[in-house]
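A short worksheet on the structure shown next.
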Amino acid sequence: MTVPSEHPSGPALRARWQETVDRARGGTAAPQDAPDPGPYADDLLRRWAEPQRRYHTTDHLVAVLDRVDELAAHADDVDAVRLAAWFHDAVYRPDRSENEERSAHLAERALPELGIGAARTAEVARLVRLTAGHNPQAGDRDGEVLSDADLAVLAGTPEEYAAYAAAVREEYGFVPDEAFREGRAAVLRQLLELPRLFRTPLGYDRWEAVARRNVTTELGLLTG
């Protein structure tokens, strides 16, 4: 199985996937009948490269994995968080509302086949579902890391944030302008109503103020 549009980070991503799966199996040899993780990486990368994507692309996967690495010390099970990052937008259709649920189901099918235990598989699926609202409960350290990593895009430079917002608009190109503005404004308001966008100490210190400024600016442009 191959990735139709090879991403420059493809080989490095496959290596990261292999290392994560090896650790998630418990640091022991895979069961004799466990499949090679490589084709699973290829399937996931194929999904992340689908043509309907403009923001939820392989670049986003790389960014989330990198942010998880930055926040790794906060996690209780950082490899579960890494696996959840791989799966969290693996199923993505901008015209559907069940993407997180379907992505979680994909993880629930794939991970046991790879020899990953039931408890860790359940944690990965829980984390994937959590990305639908980015509102982990207090003390959910794994959820806090994944949510912060996924939202870190909000704290880009003005140019980076503008490119992110434009990519989101492209993904919803089938939605008329007025309806998009209303829907996007509702999402931004929901984010601003959260007591904290970023729940990890490092994420909050590094990204909170800039992200709130960026989101507030975009909301003003949409509604002004």
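The values are calculated or read from the model by the stated rules, or taken from the named source; none is laboratory data. Fair warning: this is a prediction, and the values are worked out from it, not measured in the lab. Backbone-built Cβ (ideal geometry, glycine too); neighbour counts: all protein chains shown. Only protein heavy atoms, including side chains, enter the accessible area calculation; ligands, DNA and RNA are left aside. Shrake-Rupley method; radii C 1.70, N 1.55, O 1.52, S 1.80 Å.
Numbers for the structure displayed
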| read-out | value |
| --- | --- |
| Residue within segment 20-38 that is at pLDDT 95 or above and more than 19 Å from Thr121 (Cα to Cα) present | no |
| Residue within segment 35-57 that is among the polar types (S, T, N, Q), more than 13 Å from the chain's Cα centre (by Cα) and open to solvent by 20 Å² or more (accessible area, probe 1.4 Å) present | yes |
| Residues that are open to solvent by less than 60 Å² (accessible area, probe 1.4 Å), touching a residue at least 24 places away in the same chain (Cβ under 8 Å) and of a type outside the set (A, V, I, L, M, F, W, C), drawn from segment 172-201 | Arg184, Arg199, Thr200 |
| Neighbours by Cβ (under 7 Å, 6+ apart or cross-chain): first from segment 100-116, free of Cβ contacts under 8 Å to residues at least 60 places away in the same chain; second open to solvent by 50 Å² or more (accessible area, probe 1.4 Å) and not in a helix (DSSP H, G or I) | Glu100/Ala132 |
| Arg169 being surrounded by 18 or more Cβ atoms within 10 Å (Cβ to Cβ), touching a helix residue (DSSP H, G or I) at 6+ places or on another chain (Cβ under 7 Å) and basic (Lys, Arg) | no |
| Test for Tyr204: is it hydroxyl-bearing (Ser, Thr, Tyr), part of a helix (DSSP H, G or I) and buried (at least 19 other Cβ atoms within 10 Å of the Cβ) | no |
| Failed item in (1) within 16 Å of Tyr204 (Cβ to Cβ); (2) at pLDDT 95 or above; (3) open to solvent by 20 Å² or more (accessible area, probe 1.4 Å), with Leu71 passing the rest | (3) |
| Tabulated pairs, segment 9-24, first within 12 Å of Leu45 (Cα to Cα), second assigned to a helix (DSSP H, G or I), C-beta under 6 angstrom, 6+ apart or interchain | Ser9/Val62; Arg14/Ala41; Trp17/Ala41 |
